[in-house]
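The values are calculated or read from the model by the stated rules, or taken from the named source; none is laboratory data. Since this is a predicted model, take the numbers as computed values, not measurements. Cβ atoms come from the backbone with ideal geometry, glycine included; neighbour counts cover every protein chain shown.
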Amino acid sequence: MTIPEGLEFEFLSADSLSALNYQQVILYHDFWTELLEFLRQQGKNPQRNEGYSESNVRPMARRIHQVNQYCWNNGPVTIELTTEHADKFVDALNEDSVLNKNNNSYSEGSKRKFTQALQAYFDHLNIEWEPQINFGTGKTTLASDPLTLTEREQLLNASLEYRSPPNYKAVSPEERNRWNAHIAQFLGKPKSEVGPEDWEELGQDWKIPSIISTSHDCGWRAEMVGRLETQFVNLETGQIIIPPDVAVKNDEKWSCELSKRSVKILERWLDQRANKPKYDDTYSIWLNRKSNPYDSGTLNDLLNNLIHKAGIEADGRKLTWHSIRHSLGMYVYNQEKDLELVAKILRQTSLEAAQRYAHPTPETKQSVIESIQRGNV
């Protein structure tokens with residue numbers, strides 16, 4: 001691709017833009033110019049309007065461009081990165097499937113600099129994002145903390161009551177008016193059109209419980225929740241079969257086993273889904289209230305709401321959507337002490353990736369402490 005006359009891409013060569021067509025080059029030039037200005041003026045600390053020094057702007061910007069190139073080479077061309085793009089790139093860094101110009105794996109320090117560049121990028125777009133994996137000079141760690149077994153159950157119980165209004169006839173006119181406003185906002189319809197049938201529909205909705213319950217079983221990445229389709233579900237065998245072209249970070253067919261409880265909850269949701277007009281033209285199992293597939297942003301919002309409703313205290317932990325996956329891997333390893341099984345259930349391609357989940361559960365640590373206190377050592 002020849003760069004149109006009059007356009008200059010600071011720090012970039014024409015070859016590095018070869019994946020873009022004429023219109024995309026022009027749009028990317030606008031994006032690139034605005035990004036460099038942000039890095040220079042606010043990139044280091046947006047709240048204090050503190051930018052990076054000139055010596056740091058070039059490597060920071062080029063790392064962001066490298067992420068774009070990775071995405072262009074592994075999917076449709078987009079001008080702006082999404083949080084899903086960033087998560088996929090960080091996973092690839094962790095699995096050493098992204099290599100440097102010498103065809104070697106990046107060092108831990110270089111991997112960390114990529115995540116710092118991505119954080120600056122999303123600061124520029126005013127989008128909240130943090131990497132799910134922390135790179136450093138020591139052992140690579142997960143950036144989210146796990147939920148306990150009790151909290152996982154609390155989360156599911158909260159999902160069963162999520163957005164559920166009381167009985168329509170059992171509330172005062174003032175309370176009904178407040179609920180009508182809440183339901184109107186949630187359903188995206190005028191408050192004047194909200195009626196008893198809307199109250200009943202929300203009170204019997206199985207969508208959120210089916211997301212949480214199957215995530216407890218399968219440890220869905222946020223991107224996978226948005227990709228799942230109805231034809232992947234086999235309720236008779238209690239499985240969700242994911243084809244290779246849909247899988248995240250894998251090119252093989254996956255079989256995800258569901259608990260009996262999840263099968264029943266998912267079956268109820270699919271029955272409801274079949275009668276919802278907004279699903280008529282899509283195979284997606286779940287759509288958010290704006291009729292879009294779920295992503296990391298909407299799922300983290302959902303999780304935060306459920307955590308608040310369940311009364312779960314973070315107590316210094318970082319709880320994100322990935323915490324569900326983290327807890328699943330942790331408890332599978334705690335029960336079976338089998339890294340291959342962890343990798344199989346979480347659909348990972350290496351035992352090194354599964355190793356991150358091989359650490360003691362809170363219950364195990366508590367049990368050890370109690371045993372020591374009783375002198376049983």
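Some observations on this one:
- All told, H326 meets the bar of being within 24 Å of D96 (Cα to Cα) and either touching a strand residue (DSSP E or B) at 6+ places or on another chain (Cβ under 8 Å) or of a type in the set (D, E) (or both).
- A single member of Y162, Y168 is more than 34 Å from the chain's Cα centre (by Cα), in contact (Cβ under 8 Å) with a residue 24 or more places away in the chain and surrounded by 13 or more Cβ atoms within 10 Å (Cβ to Cβ), and it is Y168.
- Matching residues, the stretch 43-77, being β-branched (V, I, T) and exposed (fewer than 15 other Cβ atoms within 10 Å of the Cβ): V77
- Restricted to helices (runs of 4 or more DSSP H) entirely inside the stretch 193-310, those with at least 2 residues that are among the β-branched types (V, I, T) and under 22 Å from the mean Cα position of the chain (by Cα) are 207-218, 296-310.
Conditions tested, residue by residue: (1) farther than 25 Å from E10 by Cβ; (2) at pLDDT 95 or above; (3) of a type outside the set (A, V, I, L, M).
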{"residue": "G43", "(1), (2), (3)": "no, no, yes"}
{"residue": "Q47", "(1), (2), (3)": "yes, no, yes"}
{"residue": "S53", "(1), (2), (3)": "no, no, yes"}
{"residue": "R62", "(1), (2), (3)": "no, yes, yes"}
{"residue": "I79", "(1), (2), (3)": "no, no, no"}
{"residue": "V90", "(1), (2), (3)": "yes, no, no"}
{"residue": "E95", "(1), (2), (3)": "yes, no, yes"}
{"residue": "K101", "(1), (2), (3)": "no, no, yes"}
{"residue": "R112", "(1), (2), (3)": "no, no, yes"}
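- Spans of helices (runs of 4 or more DSSP H) in the stretch 1-113 with at least 2 residues assigned by TED's automatic domain parsing to the domain that holds R227 and more than 30 Å from Y294 (Cβ to Cβ): none
- The residues on offer are L266, L228, L306, and the sole one that is within 21 Å of R152 (Cα to Cα), at pLDDT 95 or above and in contact with a strand residue (DSSP E or B) (Cβ under 9 Å, 6 or more places away or on another chain) is L266.
- Residue pairs meeting the criteria (Cβ under 6 Å; at least 6 apart or on separate chains; first at negative phi, in the stretch 119-138; second part of a loop (DSSP other than H, G, I, E, B) and at pLDDT 75 or above): A120/G43; F122/W129
- Residue under evaluation K276, criteria (1) at pLDDT 90 or above; (2) farther than 30 Å from V98 by Cα; (3) assigned by TED's automatic domain parsing to the domain that holds R347; (4) out of contact with any Phe, Trp or Tyr (no Cβ under 8 Å at 6 or more places or on another chain), criterion not met: (1)
- Conditions (1) touching a Leu at 6+ places or on another chain (Cβ under 8 Å); (2) loosely packed, with under 15 Cβ neighbours inside 10 Å; (3) touching a residue at least 60 places away in the same chain (Cβ under 8 Å): number failed by E80: (3)
- If the condition is being among the basic types (K, R) and either touching a residue at least 60 places away in the same chain (Cβ under 8 Å) or in contact with a Leu (Cβ under 6 Å, 6 or more places away or on another chain) (or both), then the stretch 243-289 contributes K249, R268, R273, R289.
- Residues of the stretch 160-185 satisfying the condition of being in a helix (DSSP H, G or I) and either of a type in the set (A, V, I, L, M) or in contact with a Ser or Thr (Cβ under 8 Å, 6 or more places away or on another chain) (or both): L160, A170, A181, I183, A184
- Of all residues in the stretch 108-118, none satisfies being farther than 21 Å from R356 by Cα, of a type in the set (F, W, Y) and touching a residue at least 40 places away in the same chain (Cβ under 8 Å).
- 3 or more residues surrounded by 15 or more Cβ atoms within 10 Å (Cβ to Cβ), in contact with a Ser or Thr (Cβ under 9 Å, 6 or more places away or on another chain) and in contact (Cβ under 8 Å) with a residue 40 or more places away in the chain: qualifying helices (runs of 4 or more DSSP H) within the stretch 312-372: 322-336
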